[in-house]
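First comes the structure, then the notes that go with it.
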Amino acid sequence: MPERVHERGPGQGEGAEQGPERPRGLRAFGLAEVYNRSMMPTLQPGDQLVVRYGSAVRPGDVVVLRHPFRQDLLIVKRAVRRRDGGWWVQGDNPSVENDSREFGAVPDELVIARAWVRLRPPRGVQRSVAGVASWAVSAVRPVRAVRSLSRRLRAR
């Protein structure tokens, strides 16, 4: 199944991410829904992302970008490093290769937003106060940049 993300908010039908003009103020933020397992365990299918359009990207950031070969397809990846020609992006799930290992560096103009917050919908019906509290604590999390893979491996 190809990876995709559904974008809601500025840019859908408005051309907000096209050209040098970027949305400002509240229009600079939008929602994206994750449909694929390529960013697991960080993101799961069904997660919603609050994204900021035109935000500066740094290595380790989770970004929404247009697929280089199918620009009507939006995907979510981690910006790993700068390369000649753009960003090298990869998913957090090593078994899914729909990333720069397949299509190379992504030009800057195809990177349209940076993820700020993950919103995780409830899985199933929560019948207890403890279940609701557990979901509420884990439902809203900032999407933090992974600065170093070695630091990430040491933490496990």
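The values are calculated or read from the model by the stated rules, or taken from the named source; none is laboratory data. Predicted model, so just to flag it, every value in this text is computed and none were measured. Every residue, glycine as well, gets a Cβ built from its backbone with ideal geometry; the counts of neighbours run over all protein chains shown.
For region 53-71, the tally of residues that are farther than 15 Å from N98 by Cβ and either among the aromatic types (F, W, Y) or surrounded by fewer than 18 Cβ atoms within 10 Å (Cβ to Cβ) (or both) stands at 6.
Among the residues of region 44-75, the one identified as more than 14 Å from A113 (Cβ to Cβ), in contact with a strand residue (DSSP E or B) (Cβ under 8 Å, 6 or more places away or on another chain) and of a type in the set (A, V, I, L, M, F, W, C) is L73. Looking at R127, R37, R118, R78 in this structure, which one is in a loop (DSSP other than H, G, I, E, B), surrounded by 17 or more Cβ atoms within 10 Å (Cβ to Cβ) and not aliphatic (A, V, I, L, M)? Exactly one residue qualifies, and that residue is R37. Considered as a group, the residues in region 96-151 that are in contact with a helix residue (DSSP H, G or I) (Cβ under 9 Å, 6 or more places away or on another chain) and basic (K, R) include one that is modelled with the highest pLDDT, and that residue is R118.
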